[in-house]
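Quick notes on the structure that follows.
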Amino acid sequence: MSDHWDIYFCYYEDKFASVVLDMDIWREIDKNNYSHPLFLRTIVKSPAENGLPINDEAELLNDIEDLIIAEIKDLGYNIGRITCDGNRDVFFYFKEPSLELLLTLAKKHYSQHDYEFKVTTVKEDSPWEFYFEYIYPNKYQVQHIGNRKVVDSLRESGDPLEKPRRIDHWININNLKDKKSIIKKLINLGFIIEPKDKPSLLKKVTNLGLKMVSKNKNNDEKYLQFYRTDLSDFHSINDITDLLVNLLEDYDAELDGWETLALK
């Protein structure tokens, strides 16, 4: 498995879900050698209102999953899990059909804690279809993952996230013919375009902490910097990046992050 694991939240059939995923496993293994997907479902005994396990139960389930994964070794890979509505589904890709193996390991580790469980084969029309089409984050959720990291860093710096503030955004425009049209739409949404000759020097918040940065993207025509005064809490910034993703739908361009000042 890779070192790039992440988490995002979404809804499945109107039910809140937590998705934990190995984002880069597909880059590091030969997918053709691991073409047999299975999932292991456990029923959470005492879920919170949002359907997720909490406190000691969450820790216990994590420990049990770690034990099962350790015994699978190189026969297969755990690629992630979805917890939703009191169900905890852990997903694997194996070298060979391995339903009996996973069932044996689940019985060994879950039964001693009186957990209900089942193992199910995932049917795919193409290799790794389940991973990319069902569990991998979509273009909105990819932005939400980055948003959560920045918001968490803001909170850790002591920012209560209650005050609107300038938020700078970046777009990478691959086809410069789209630039004027994108700018027009941004202005209609109340954004202000940052002049190219004005350096960006902000106390940037990243998952690595707070630091002063000076972007050299300003002199690159394919990068567009713009800003607006908004709230920067998780839900507010998600709404903004969703809006921008929709705006870029018809263009050869993509969002390239955002930055703001931490306020206390």
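Listed here are the residues, each with its yes/no results for (1) surrounded by fewer than 17 Cβ atoms within 10 Å (Cβ to Cβ); (2) in contact (Cβ under 8 Å) with a residue 40 or more places away in the chain; (3) of a type outside the set (Lys, Arg).
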site: Pro53; (1), (2), (3): no, no, yes
site: Asp63; (1), (2), (3): yes, no, yes
site: Asp85; (1), (2), (3): yes, yes, yes
site: Glu96; (1), (2), (3): yes, yes, yes
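Within the range 109-131, the residues that satisfy the criterion of being part of a helix (DSSP H, G or I) and without any contact (Cβ under 8 Å) to a residue 24 or more places away in the chain are Ser111, Gln112, Glu129. When we screen Pro47, Pro53, Pro97 for residues that are assigned to a loop (DSSP other than H, G, I, E, B), under 20 Å from the mean Cα position of the chain (by Cα) and not acidic (Asp, Glu), the only hit is Pro53. Does at least one position in the range 28-41 carry a residue that is modelled with pLDDT under 95 and either basic (Lys, Arg) or crowded, with 19+ Cβ neighbours inside 10 Å (or both)? Yes; the residues of the range 28-41 include at least one that is modelled with pLDDT under 95 and either basic (Lys, Arg) or crowded, with 19+ Cβ neighbours inside 10 Å (or both). Taken over the range 245-259, residues that are closer than 14 Å to Lys185 by Cα and touching a helix residue (DSSP H, G or I) at 6+ places or on another chain (Cβ under 8 Å) amount to 5.
Taken together, Phe132, Phe94 contain a single residue that is touching a strand residue (DSSP E or B) at 6+ places or on another chain (Cβ under 8 Å) and among the aromatic types (Phe, Trp, Tyr), which is Phe94. Of all residue pairs spaced 6 or more apart or on separate chains, those with beta-carbon atoms under 7 Å, a first member in the range 1-26 that is without any contact (Cβ under 8 Å) to a residue 12 or more places away in the chain and a second member that is surrounded by 14 or more Cβ atoms within 10 Å (Cβ to Cβ) and assigned to a strand (DSSP E or B) are Tyr11/Ala17. Selection of the range 102-121 for residues being aliphatic (A, V, I, L, M) and either within 13 Å of Ser35 (Cα to Cα) or buried (at least 18 other Cβ atoms within 10 Å of the Cβ) (or both) yields Leu102, Leu105, Ala106, Val119.
Would you mind stating whether Ser153 is in the same structural domain as Phe39 (by TED's automatic domain parsing), polar (S, T, N, Q) and surrounded by 15 or more Cβ atoms within 10 Å (Cβ to Cβ)? Answer is no for this residue.
The values are calculated or read from the model by the stated rules, or taken from the named source; none is laboratory data. This structure is a prediction, so every number in the text was calculated from the model and none was measured. FYI the Cβ positions are ideal-geometry reconstructions off the backbone, even for glycines, and counts take in every protein chain you see.
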